[in-house]
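The values are calculated or read from the model by the stated rules, or taken from the named source; none is laboratory data. Since this is a predicted model, take the numbers as computed values, not measurements. Cβ placement follows ideal geometry from the backbone for every residue including glycine, while neighbour counts extend to all protein chains displayed.
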Amino acid sequence: MKRSLMLLVATLFAISIAHGQVEISTFDINLNNLPDTPEIFAPGYISTGMYERDVAITPDGNEIYYSLFQGDWNTIMVAKKANGIWQEPVVAPFARDTLFFYAEPALSVDGNKIYFLSTKPRENETAKPGWSNQNIWVANRNADGTWGEAEPLPENINEFEEFFPSLTNDGTLYFTRTDAESGISQIFRSKLVGGIYQDPEKLPEPINGKGTIFNACIAPDESYLIGCTVGRDTANPKQATYMLFFRNADDTWADGVDLTKALDLPCPRAISISVSADGKILFFASTAKTLEFKDLLPEWRLTSIAKRRLSPGNGNSDIYWMKIEDNFSRLRR
């Protein structure tokens, strides 16, 4: 009797593994067919119901980098198109050390450099758990298309806690820095001169003004910046909201526009936002819950619950996308 029970348990376990595997089918992503209003990006392929955010796409549109958060290990994934077919996403080669966290990929305009957040300790740092040792790292693409060994940016950039890199066409680096003493996050900018990043400057008001701002992306032509802000006079003052700041000709910045409100973005709170290298696509993360239990649990089975767990719209962070041009032109008037 005991032996039969053990065999039954083993058989059931084998069946659950066979039917519980995540199936990744081929997926068509048409980056030229942009939605006018926010839609979940690549549902079931990039946005899976796990916790995804932070998008960077190569200029040729054949590689998509994004963050996958799992709590005990957060990393960067890459999806590649080969022979016209999108392949199953894999962990990016520079983000495979499971002892540390990786997130927030950002590509240079030519796609030959990738910047990202890593908690891997530098030579002068001691390994710590969780989100300690947040620094910005960079890897260069080799001639064969692979990535070389990643290295941290210099000390003048990685001075305290730095994260969320974003790049302009000329290589100027925008990033978030959290002050070690106050714990306040602000946006900084460092110009690239002769291949060397200059000492960063803190952006003025209204960007670094009332409340706090973090995870900001810069337009490729540096014409605007979008950040996650808290404590501003917005429709959602107690939660982070996406706020848009247009840059003036004299390098000052216009007052912010609550982008979540202006474009009716489905965002309970702002998390992460980015713009494609051609300036046409807006990507943002949202924890909007669009799934109803009644839609996925008609039979009240474990497999139905598991399906909801791996479906976008379940309340974890999904990646959304939409067209920029007409929407932003209207807001600048």
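The table that follows gives values for the structure above.
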| quantity | calculated |
| --- | --- |
| THR146 vs. criteria among the β-branched types (Val, Ile, Thr), surrounded by fewer than 19 Cβ atoms within 10 Å (Cβ to Cβ) and out of contact with any strand residue (DSSP E or B) (no Cβ under 6 Å at 6 or more places or on another chain) | yes |
| Subset tally (residues that are over 10 Å from TRP137 (Cβ atoms) and outside any loop (DSSP other than H, G, I, E, B)) for segment 149-161 | 1 |
| Leading residue by the ranking (farthest from the chain's Cα centre (by Cα)) among those in segment 156-214 that are small (Gly, Ala, Ser), surrounded by fewer than 12 Cβ atoms within 10 Å (Cβ to Cβ) and under 19 Å from ASP110 (Cα atoms) | GLY194 |
| Members of segment 195-223 found to be among the hydrophobic types (A, V, I, L, M, F, W, C) and assigned to a loop (DSSP other than H, G, I, E, B), listed by number | LEU203, ILE207, ALA219 |
| From the options SER286, SER311, residue that is buried (at least 16 other Cβ atoms within 10 Å of the Cβ), farther than 16 Å from ASN215 by Cβ, among the polar types (S, T, N, Q) and at pLDDT 80 or above | SER311 |
| Residue identified as of a type in the set (Phe, Trp, Tyr), modelled with pLDDT of 95 or more and over 17 Å from the mean Cα position of the chain (by Cα) among TRP147, TRP137 | TRP147 |
| Check on LEU291, assigned to a loop (DSSP other than H, G, I, E, B), in contact with a Lys or Arg (Cβ under 9 Å, 6 or more places away or on another chain) and not polar (S, T, N, Q) | yes |
| Boolean, ASP110 is among the charged types (D, E, K, R) and either closer than 18 Å to SER274 by Cβ or under 17 Å from the mean Cα position of the chain (by Cα) (or both) | yes |
| Strands (runs of 3 or more DSSP E) wholly inside segment 70-142 containing at least 2 residues that are of a type in the set (Gly, Ala, Ser) | 74-82, 102-107 |
| Among the residues listed as PRO93, PRO105, the single one being more than 22 Å from SER182 (Cα to Cα), touching a residue at least 24 places away in the same chain (Cβ under 8 Å), buried (at least 22 other Cβ atoms within 10 Å of the Cβ) and not charged (D, E, K, R) | PRO105 |
